[in-house]
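**Student:** Okay, handing you the structure first.
The values are calculated or read from the model by the stated rules, or taken from the named source; none is laboratory data. Since the structure is predicted, the reported quantities are computational estimates derived from the model, not experimental observations. All Cβ positions, even for glycine, are placed from backbone atoms using ideal geometry, and neighbour counts span all protein chains on display. Surface accessibility is based on the protein's heavy atoms, side chains included, excluding ligands, DNA and RNA. Shrake-Rupley method; radii C 1.70, N 1.55, O 1.52, S 1.80 Å.
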Amino acid sequence: MRVLHIDDEPDFADLTAVYLERAMDSFSVDTAMRADEVITDRPQDTYDCIISDYDMPGMNGLEFLERIREDAPKLPFILYTGKGSEEIAAEAISAGVTDYIQKEPGTSQYTVLANRVQNAVEARRDELQVTRGHRAMNAAWDGISTLDDEGRFTYLNDAYAATFGYERDELLGEHWQKIHSAESLKTVDDEILPAVNENGTWTGETLLERADGTQFIGEHTVASIENDGSVCVVRDRTDREELDKQLRHERERFRLLVDAVENYALFLLGPDGLIQSWNAGAKQITQYEESDILGEHFSTFHTEKQVADGIPEQLLREAGDCGKATDRGLRVRKDGSTFWADVTITELRENGDSRGFAKVVKDITEEIERERLQATAERYREKLYEVTNDTDRRFEQRLVDVLELGVEYLAVDQGHLVAIDPKAGTHEIIATSGEPSLTAPGDITSLSETYCRRTVESDGLLSVYNAEQQGLGDDPAYQRYGIGCYLGAKIEVDGELFGTVCFVARDSRSGQFRQDEQAFVELLTRWLKYELSRRDGQIQWPLKP
């Protein structure tokens, strides 16, 4: 206990402190000479008890008491003075002093003072404990009441009063029989009271009665308080059953919702990281059946390197420390293939204790691939811009570089610029880049044996990704040259057909040319149209050193 003793005689104050600390090992006593100097430090926030003299300079003991009582009306305050009178004692009591002791010669007075301090502080602590208990009970959802030895209500919280349809004041002082049905009175006499007397407590169900006369079955607990009556806790089982029914319904709805989600893996982990639940999305993303994965550690989805680096444990630690952990990285499916995942692990806590983790996984492989393709497209557009704007080099040199860029970007065998004579029906290779065995500059063939005849007839790009699947297996271009995929654009100069720019490969593609790939060819084509228009369609070929 921390005690402050204020007396304008420092020797007496120090002596009193020594005796008090000897009398009670739990005491820690500080001293001061003037009340007006310590009041600014708010001693009421620091000490369990204040002992003060009456007659002191600057501020006397009663004035000091009044200042303390302004915001600490229950702090133990003992007026310990050598200037005693009935008038001072009366004023002290009116001001709310805890105790009044007159100084006397001898050391026995210190034992009396120590006992008074201890009693005052313990009484205040008991009072605070009761107050806190009442506040807690007032906030409780269950109905709580206390009864004296005669069975009359001495306290009840709002939930208890509401359970029976009364105001609190209507039940305080009333006997417990007021809320029992005639049927339950026999249960009280025959079962409840004997059990409480013998065991100190009883728990069961009783038929209780509300203020309006309606009856309900209550979950009822009665416990004796030593030498001070009993405490009762009541819950309306009807409300509890309805609440439990609603909770079960909501839990089932939530479970069905989670199970139905296919775009996200949603599952629970124990505190040790073992998988405790599974949903349809988790199965679809990871390929694991529920029976295969329950009870396994979630590190099953991590790569060998991630496991060796301790990534799974790091994620659990972070979720435990911060409440949540997020990660983006590769994860492993049942068949060993990998996918990109966005992962969130959230700690689940109940009453301050960790109950495990909820894990949400989204497959972002397509998103990562889109980002990669966008970055690639941007990189090749920048390269195309650099090559086409390098005016220090001849057009013919830039043309070959542009075709080479297209071959590399589209992952095809060859790119070439073609001149077409529609009257003669000829197809002449002007420039190439890539695999030389397909065609070479100067090769002239019949336009009817090429895909270019289809290109010049179309308004936009001609895209062939799989000749056979697209019904072109009998096309002469496929029959003669074995061209499985083709992307070409028509080139007109001043309104007249010049030819085409094409990118070809013997092997088919797995899917259509992407939009970014087609956009690249369109940009390249516009540049060729511009440059050829400037030269009236004339190109110096073959290149001269």
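**Student:** Please calculate the 1.4 Å probe accessible area of MET33, with all protein chains present, and give it to the nearest 10 Å².
**Tutor:** Accessible area of MET33: about 100 Å².
**Student:** While we're on this one: Taking R0 as 25 Å, what's the FRET efficiency between ASP536 and GLU404 from their Cβ-Cβ distance, rounded to 0.05?
**Tutor:** For ASP536 and GLU404, the calculated efficiency is 0.45.
**Student:** Right, another one. With 30 Å as the limit, write out which pairs from LYS383/LYS529; LYS423/LYS529; LYS283/LYS324 have Cα-Cα distances beyond it, or answer none.
**Tutor:** none
**Student:** Go ahead and run the numbers for FRET between ASP390 and GLU457, Cβ-Cβ distance against an R0 of 35 Å, rounding to 0.05.
**Tutor:** Details: r = 34 Å, r/R0 = 0.98.
E(calc), rounded to 0.05, equals 0.55.
**Student:** Test of understanding: extend the Cα→C-beta vector of THR214 to 7 Å, then name every residue of segment 155-185 with backbone N under 14 Å from that spot.
**Tutor:** Within reach of a label on THR214, which here means backbone N under 14 Å from a point 7 Å along Cα→Cβ, segment 155-185 contributes 162-166.
**Student:** Given a 1.4 Å probe, how much area per residue of the chain is accessible, in Å²?
**Tutor:** 54
**Student:** Now a separate question. Calculate, for SER448 and GLN284, the FRET efficiency according to 1/(1 + (r/R0)^6) with r their C-beta to C-beta distance and R0 45 Å; round to the nearest 0.05.
**Tutor:** 0.35
**Student:** Please compute the alpha carbon radius of gyration of segment 390-534, then divide it by the globular-protein estimate 2.2 N^0.38 Å. Two decimals is fine.
**Tutor:** Details: Rg = 14.2 Å, N = 145, 2.2 N^0.38 = 14.6 Å.
Taking the Cα Rg and dividing by 2.2 N^0.38 Å, one obtains 0.97.
**Student:** May I pose another question? How would ASP342, ASP474, ASP53 line up by accessible area, probe 1.4 Å, largest first?
**Tutor:** ASP474, ASP342, ASP53
**Student:** Multiply the residue separation of ALA440 and ALA519 by 0.36 nm, subtract the distance between their alpha-carbon atoms, and state the gained length in nm to one decimal.
**Tutor:** My answer for the length gained is 25.8 nm.
**Student:** I would also like to ask the following. For the chain, place one equal point scatterer on every Cα, skip the solvent, and apply the Debye formula. What is log10 of I(q)/I(0) at q = 0.09, 0.11, 0.13 Å⁻¹?
**Tutor:** After summing over all Cα pairs, the log10 values are -0.94, -1.09, -1.12.
**Student:** For a protection proxy built on the mean count of beta-carbon atoms within 10 angstrom, sort 502-508, 394-400, 462-468 highest first, please.
**Tutor:** Those peptides, ordered most packed to least, come out 502-508, 462-468, 394-400.
**Student:** Could you state the angle between the C-alpha long axis of helix 10-23 and the longest principal axis of the C-alpha atoms of the chain, as a value from 0 to 90 degrees rounded to the nearest 10?
**Tutor:** That helix lies at roughly 80 degrees to the long axis.
**Student:** Something else: State the Cα centre-to-centre distance between segment 465-529 and segment 401-459 in whole Å.
**Tutor:** Between the Cα centre of segment 465-529 and that of segment 401-459, the gap is 9 Å.
**Student:** List the aspartates and glutamates whose Cα sits under 12 Å from the Cα of LYS490, skipping any in the same chain fewer than 8 residues away.
**Tutor:** GLU457, ASP459, GLU522
**Student:** With all protein chains present, calculate the accessible area of LYS359 using a 1.4 Å probe and round the result to the nearest 10 Å².
**Tutor:** We get 10 Å² for LYS359.
**Student:** Once you keep just the Cα pairs under 8 angstrom separated by 6 or more residues, what percentage relative contact order results for the chain?
**Tutor:** Relative CO of the chain lands at 6 percent.
**Student:** Oh, and also: Could you work out what % of the accessible surface of the chain is carbon and sulfur, using a 1.4 angstrom probe and leaving DNA, RNA and ligands out of the count?
**Tutor:** 46
**Student:** Hey, another quick one. Using just the helices of the chain, give the 222 nm mean residue ellipticity in deg cm²/dmol: DSSP H runs with n ≥ 4 each add -39,500 (n - 2.57), and the total is spread over all residues, rounded to 500.
**Tutor:** Only helices count here, giving -12000 deg cm²/dmol.
**Student:** Rounded to two decimal places and with Rh computed the Kirkwood way over Cα pairs, what is Rg over Rh for segment 1-130?
**Tutor:** That ratio is 0.92, to two decimals.
**Student:** Another question, if that's okay. On the principal axes of its Cα set, how long, how wide and how thick is segment 456-537? Give whole Å, largest value first.
**Tutor:** Between the extreme Cα coordinates on each principal axis of segment 456-537 lie 40, 27, 19 Å.
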